[in-house]
1. List every residue pair whose Cβ atoms lie under 7 Å apart, where the two residues are 6 or more positions apart in sequence or sit on different chains, the first residue falls within segment A:34-57 and is assigned to a strand (DSSP E or B), and the second residue, located anywhere, is open to solvent by 70 Å² or more (accessible area, probe 1.4 Å) and among the acidic types (Asp, Glu).
2. Looking only at segment A:86-111, which residues are within 12 Å of another protein chain (Cβ to nearest Cβ) and not in a strand (DSSP E or B)?
3. Looking only at segment A:195-215, count how many residues are in contact with an Asp or Glu (Cβ under 9 Å, 6 or more places away or on another chain) and of a type in the set (Ser, Thr, Tyr).
4. Restricting attention to segment A:112-155, and to residues there that are more than 9 Å from every other protein chain (Cβ to nearest Cβ), open to solvent by 50 Å² or more (accessible area, probe 1.4 Å) and in contact (Cβ under 8 Å) with a residue 24 or more places away in the chain, which single residue is nearest to A:Val226 (Cα to Cα)?
5. Has segment B:46-55 got any residue that is open to solvent by 10 Å² or more (accessible area, probe 1.4 Å), free of Cβ contacts under 8 Å to residues at least 24 places away in the same chain, over 26 Å from B:Val259 (Cα atoms) and not aromatic (Phe, Trp, Tyr)?
6. Please go through (1) open to solvent by 20 Å² or more (accessible area, probe 1.4 Å); (2) more than 14 Å from chain A (Cβ to nearest Cβ) for B:Pro283 and return the number of the only condition it doesn't satisfy.
7. Those residues that are away from every other protein chain (no Cβ under 13 Å) and either modelled with pLDDT of 90 or more or buried (at least 19 other Cβ atoms within 10 Å of the Cβ) (or both), I need them from segment A:167-182; list them, please.
Amino acid sequence: MNFFKQLVDRERVFDFMVPQQSPVDVRHGPILYLEDVSVSFDGFRAINKLNLTIDDGELRCIIGPNGAGKTTMMDIITGKTRPDEGSVWFGSRHNLLQMNEPDIASLGIGRKFQKPTVFEALTVFQNLELARATNKSILPTLTERMTGEIQDRIDEVLLLIGLKNLHRQPAGILSHGQKQWLEIGMLLMQKPRLLLVDEPVAGMTEQEMERTAELLTGLAGQQSVVVVEHDMGFVRSIARKVTVLHQGSVLAEGSMDQVSSDPRVIEVYLGEEA
Amino acid sequence: MWLTQPLYERSTRIFLGVLLLAMSLVTLLHLVVPADHPLHVSAYTVNLLGKYLSYALLAVAVDLVWGYLGILSLGHGAFFALGGYAMGMYLMRQIGDRGVYGHPELPDFMVFLNWDALPWYWLGFDSFWFAALMVLLVPGLLAFAFGYLAFRSRVTGVYLSIMTQALTFALMLAFFRNEMGFGGNNGLTDFRDMLGFDLRTDTTRLVLFLVTGLALAIGYLICRAIVTSKLGRVCVACRDAEARTRFLGYRVERVQLSVFVVSAMLAGVAGALYVPQVGIINPGEFSPLFSIEIVIWVALGGRATLYGAVIGALLVNYAKTWFTGVMPDAWLFALGAMFVLVTVLLPRGIAGLMHNLNERRRRVKDKPQDDQQELPV
């Protein structure tokens, strides 16, 4: 009966009519909130009762041995993998488990893959153009014209990632490090609220690593950044807060010094030697 | 407007220029040069060229989805044939009581099957504009339904190719059945006139040839406008790194679906122009072999250039006409040999060869390269 009353109520807005794309609500602090998330693949528990909170504007490093579930965690946040149980919230308004990849992306979660993935047949400039935050449905994409404003924005990012003089080249000819840079540039074009960066310095030289660290720390504050990384030196140089994952759940959390003196962490990382 | 955007491009202007020139040349040689002169183009040749042009439009449609979107459709013949059948139904209705059995309304094959009324899906086809609408709608709707299911389930690559192949095969079997009401094995034929013009006169054939050329020009322009727009770059992005495109916020399945539907409609138009020129449409056009042949045209001409598809379609079909005239048994071997040779020696097809020669010439001139680069495949 109640249901029919709802149907005739003029003031009522049906749940499915409520616009999904309302702004991200971070008044309560956290921008990303994972609670009791579990997922298993063929009986193997990749993520086990994971709890994680990322504050707005925070730069967080996530470390952990191979198979700790770092990449799976990113898959869950970006909608690629559905967890068996648990809840994932973006701000306090958006339930990410009810959304698909493009929705999550346009909500403001950008992701950099472990292996640099850029569009190799397109030029560096075009790669950035495609990533730009804008209406990405079919007709606006078909009719969009290059304006001075877009050009300026792309040039700005090109300068930032140091690929200005290569912007007409196809991305396929870039070196490994340059591709990583381009991918970070594409994330910047998306203007995300939350950046998920998977192993940004893998295969980079010392110098390149330094610039990456500068860039990522520069981003924190305006955007929340979550960095998954193996390289301890790099983590130490950027992290204020570190989360250690082990066997799909959080083992320790705190500053780098706290974490690295934690006996459990030492055991996980160094095995029997500890 | 976005549609006129490609007109600022050199390659499009050259393509349209060459097409226009060829069309006027053929018209001139057909009409002005006397019939016994060696340069005279016969009505038969005009008709043949018109057929080639409709194939070229079909090849452009396939190149749009294969070259730029990475969807290897082995069933585009189905959309071509459906467009052809829609036009064929109109032409059938135009015969009126001039058929063998002289029935005022029913086509011959229906009288032969002892049917006494038109099936509901034949209604409306006595109007050209209704038929023209169906030429676009029927292939478009089929592509929409098929693509919606396939792309939503993220079926891609070889699995999708096999499904498109199955689609066209299933349609072929269905259209072979007399009970379907499309003339079964024999298909639709014995057409007489179109919009009041006798299809068997030379003038009508010339006009059909010119209309087909115009359709090719417009179809090429539409495809070019799509691939040079930002949507075209998104297509290439979907082709090369689908997951990445999704994480950028593009709905890959919608991009695939919309471009696939456009391509199917172009294929339908090509089929509709093909039928009045060859005078018959039968279930053979649904044959998977034909669909594979289209892919070979595009591969020979060069993927992801559009003009390559046109070159490929014209060359292969000219070769086919020549071979089947001189030594019919050797044609399939020749086709296979061409395919192997091009794949081994010219991985980017004839268009790739032209591009390379162009590059070399430019390098010899030692001019800085200013043009936007063609996309590597």
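The values are calculated or read from the model by the stated rules, or taken from the named source; none is laboratory data. Everything numeric here is computed off the predicted structure, so don't read it as measured data. So basically every Cβ, Gly included, is an ideal-geometry build from the backbone, and we count neighbours across all protein chains shown. SASA here: full protein model, heavy atoms, side chains in, ligands and nucleic acids out. Shrake-Rupley method; radii C 1.70, N 1.55, O 1.52, S 1.80 Å.
1. A:Asp36/A:Glu85; A:Ser38/A:Asp84; A:Ser38/A:Glu85; A:Val39/A:Asp84; A:Ser40/A:Asp84; A:Asn51/A:Glu35
2. Residues satisfying the conditions are A:Met99, A:Asn100, A:Glu101, A:Pro102, A:Asp103, A:Ile104, A:Ala105, A:Ser106, A:Leu107, A:Gly108.
3. Of the residues in segment A:195-215, 0 are in contact with an Asp or Glu (Cβ under 9 Å, 6 or more places away or on another chain) and of a type in the set (Ser, Thr, Tyr).
4. By that ranking, first place goes to A:Gln114.
5. Looking for residues that are open to solvent by 10 Å² or more (accessible area, probe 1.4 Å), free of Cβ contacts under 8 Å to residues at least 24 places away in the same chain, over 26 Å from B:Val259 (Cα atoms) and not aromatic (Phe, Trp, Tyr), one finds none in segment B:46-55, hence no.
6. Single failed check for B:Pro283: (1).
7. Matches in segment A:167-182: A:Leu174, A:Gly177, A:Gln178, A:Gln180, A:Trp181.
Yes/no per residue for (1) farther than 25 Å from B:Arg177 by Cβ; (2) at pLDDT 95 or above; (3) not in a helix (DSSP H, G or I):
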residue: B:Ala264; (1), (2), (3): no, yes, no
residue: B:Gly268; (1), (2), (3): no, yes, no
residue: B:Val275; (1), (2), (3): no, yes, no
residue: B:Leu289; (1), (2), (3): no, no, no
residue: B:Leu300; (1), (2), (3): yes, no, no
residue: B:Arg303; (1), (2), (3): yes, no, yes
residue: B:Ala309; (1), (2), (3): yes, yes, no
residue: B:Ala319; (1), (2), (3): yes, no, no
residue: B:Phe323; (1), (2), (3): yes, no, no
